[in-house]
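> The structure under discussion is supplied below as C-alpha cells; questions concerning it will follow.
The values are calculated or read from the model by the stated rules, or taken from the named source; none is laboratory data. Given the structure is predicted, the values throughout are model-derived calculations rather than measurements. Counting neighbours? That spans all protein chains shown, and the Cβs are built from the backbone with ideal geometry, glycine included.
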Amino acid sequence: MINYSYPFNNDKDWNNFWKCFSNVETTEVMRVKSNFLINNKFCKGKVYYISGTFSKKWKTLKPDNKKYTFQIGEQENCHGHFINCDMTEFFGKQNLCPWQRSYYWACDSSMDPDRVKEIHYPTVEKNNNDCWQVLWGMIQGLRKYDGESLSSMEMDKHWDVEKMHWVGPFAIGHLKGLYGFQKYHQSRFLDFIPDRDGSKGINKVIFSDGNYAGLMGHPSMSCTHKGNYFGFKPEGKKPRIYVMDFWSCDGERLVDNWCQIDMIDLWRSINSDYEKFIDEKLNYKK
C-alpha cells in the first residue's frame, strides 16, 4: 500500500488523475539508497517530475489544455511506501490556492503570475564521498534555533552560501542562495511554527548515499501554529506537515535541496474554512 499526499487516497485515485493528462512525460533527477539497514530494511528514494497537458475533466475541474509540471518525491523505507506530489502549481492555476490572493511571498520566483514549474537537475554529480557528517551537522544546527536569530543555527557552515538551490513547492518557489532561502522561506516558516521540533516527527528516516541523501517525516515534526502563514492567522492548531527532502553535497557543503511539503494538507490542517472549501471542490472523502 502506498501512502499518498493530498488529495490521493489510493492507487486508483493516483492513476485516474494522470488519465486526465495527455503528452505525459516523466523525468527522474535523483535516486538514493541507504548503504546500511534501517530497522531491517534498506531505504530508497527518488525525485522526479511528471509533466503533461490537462486535457480531460478531473473531479470538478475543467481541462484548460495547459501544460503542468509536478515535482514528486517517493520513498520506500522502514515505515512503508510514500509518494509526496506538489499540487500547488496545478491547483493555483485553478484558483484553489491561498497564495494567489495573498502577497505573503515577495520573492520573484513565487510572485510572477506567468511563471511555470521548471525541472531542476542536480548541480553536483553523484560520487561516493559520504555526506552524512555534513548533513547531520546541518540538522543539528536547525535544532539550535534560539527563537530570535537565524544566525543561531549557523547554516552558513553547512550550505554553499552562493550556489545553494532550495527547490520547494511551487507556492513558495525555487529559492537560490542561502540569503534568499532564509528570507523567503526559513524566517517565515519559523514565524509560523517557532516551537517546531523535528526530533518528535513520526515515520522519520534519514540516510545518505555517497554525496546524495534523503529524509522523510510523515509528519515531519511537532509544532503549533503561532504566526501568520499564507494569510492564515494562528488559531493554536497543530499543523500536519508531511515532508520529504533530498540533497546533494559538494565536499563540505550542501548544495541542492528538493523539498517536498504537502502544502495543501498543511493549509487544510490550520484552517477549517480552507479544508471545507478544497474538499468540496475535489469531492474529497478520506
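> The conditions are (1) at pLDDT 95 or above; (2) farther than 16 Å from ASN15 by Cα, and SER102 fails exactly one of them. Which is it?
Just one mismatch for SER102, condition (1).
> Taking region 202-222, which residues are on the phi < 0 side of the Ramachandran plot, outside any strand (DSSP E or B) and surrounded by fewer than 21 Cβ atoms within 10 Å (Cβ to Cβ)?
If the condition is that a residue be on the phi < 0 side of the Ramachandran plot, outside any strand (DSSP E or B) and surrounded by fewer than 21 Cβ atoms within 10 Å (Cβ to Cβ), then ILE202, LYS204, MET221 are the ones that fit.
> Moving on to the next point. From the set of residues in region 160-205 that are hydroxyl-bearing (Ser, Thr, Tyr) and under 18 Å from GLU148 (Cα atoms), which is modelled with the lowest pLDDT?
Ranking the qualifying residues of region 160-205, first place goes to TYR184.
> Could you count how many residues in region 239-274 are under 16 Å from ILE193 (Cα atoms) and part of a strand (DSSP E or B)?
Summing the residues that are under 16 Å from ILE193 (Cα atoms) and part of a strand (DSSP E or B) in region 239-274 gives 2.
> Now for a separate question. Does PHE42 satisfy the criteria of being in contact with a strand residue (DSSP E or B) (Cβ under 8 Å, 6 or more places away or on another chain) and over 22 Å from ARG240 (Cβ atoms)?
yes
> Where residues in region 50-76 are within 21 Å of ILE241 (Cα to Cα) and out of contact with any helix residue (DSSP H, G or I) (no Cβ under 8 Å at 6 or more places or on another chain), which of them is surrounded by the fewest Cβ atoms within 10 Å (Cβ to Cβ)?
GLU76
> Report, by residue number, each residue of region 77-88 that is surrounded by fewer than 21 Cβ atoms within 10 Å (Cβ to Cβ) and either of a type in the set (Gly, Ala, Ser) or over 13 Å from ILE261 (Cα atoms) (or both).
Once the filter is applied, which keeps residues that are surrounded by fewer than 21 Cβ atoms within 10 Å (Cβ to Cβ) and either of a type in the set (Gly, Ala, Ser) or over 13 Å from ILE261 (Cα atoms) (or both), region 77-88 yields CYS78, HIS79, GLY80, HIS81.
> Still on this model: If GLY236 satisfies every condition in (1) farther than 26 Å from GLY80 by Cβ; (2) of a type in the set (Gly, Ala, Ser); (3) in contact with a strand residue (DSSP E or B) (Cβ under 8 Å, 6 or more places away or on another chain) but one, which is the exception?
The number of the failed condition is (3).
> Related question: Would you pick out the residues in region 1-49 that are closer than 28 Å to GLU275 by Cα, touching an Asp or Glu at 6+ places or on another chain (Cβ under 9 Å) and buried (at least 17 other Cβ atoms within 10 Å of the Cβ)?
Selection gives TYR4, SER5, TYR6, PRO7, VAL47, TYR48, TYR49.
> Could you grab the pairs with beta carbons closer than 7 Å, sequence gap of 6+ or different chains, first residue in region 265-282 and of a type in the set (Lys, Arg), second one in a helix (DSSP H, G or I)?
From residues that are of a type in the set (Lys, Arg), the pairs are ARG268/TYR274; ARG268/GLU275; ARG268/ILE278.
> Is one or more of the residues making up region 223-231 in a strand (DSSP E or B), buried (at least 23 other Cβ atoms within 10 Å of the Cβ), touching a residue at least 24 places away in the same chain (Cβ under 8 Å) and not hydrophobic (A, V, I, L, M, F, W, C)?
no
> Would you please name the residue that is modelled with the lowest pLDDT, looking only at residues in region 254-286 that are of a type in the set (Val, Ile, Thr), touching a strand residue (DSSP E or B) at 6+ places or on another chain (Cβ under 7 Å) and more than 16 Å from HIS185 (Cβ to Cβ)?
ILE270
> Tell me the residue from PHE8, PHE21 that is more than 19 Å from LYS204 (Cα to Cα) and in contact with a helix residue (DSSP H, G or I) (Cβ under 6 Å, 6 or more places away or on another chain), please.
None of the other options fit; the residue is PHE8.
> Of the residues ASP156, ASP191, only one is touching a Leu at 6+ places or on another chain (Cβ under 8 Å) and of a type in the set (D, E, K, R); which?
Testing whether each residue is touching a Leu at 6+ places or on another chain (Cβ under 8 Å) and of a type in the set (D, E, K, R) leaves just ASP156.
> How many residues are farther than 15 Å from GLY214 by Cβ and not hydrophobic (A, V, I, L, M, F, W, C) when one looks only at region 40-50?
Qualifying residue count, region 40-50: 2.
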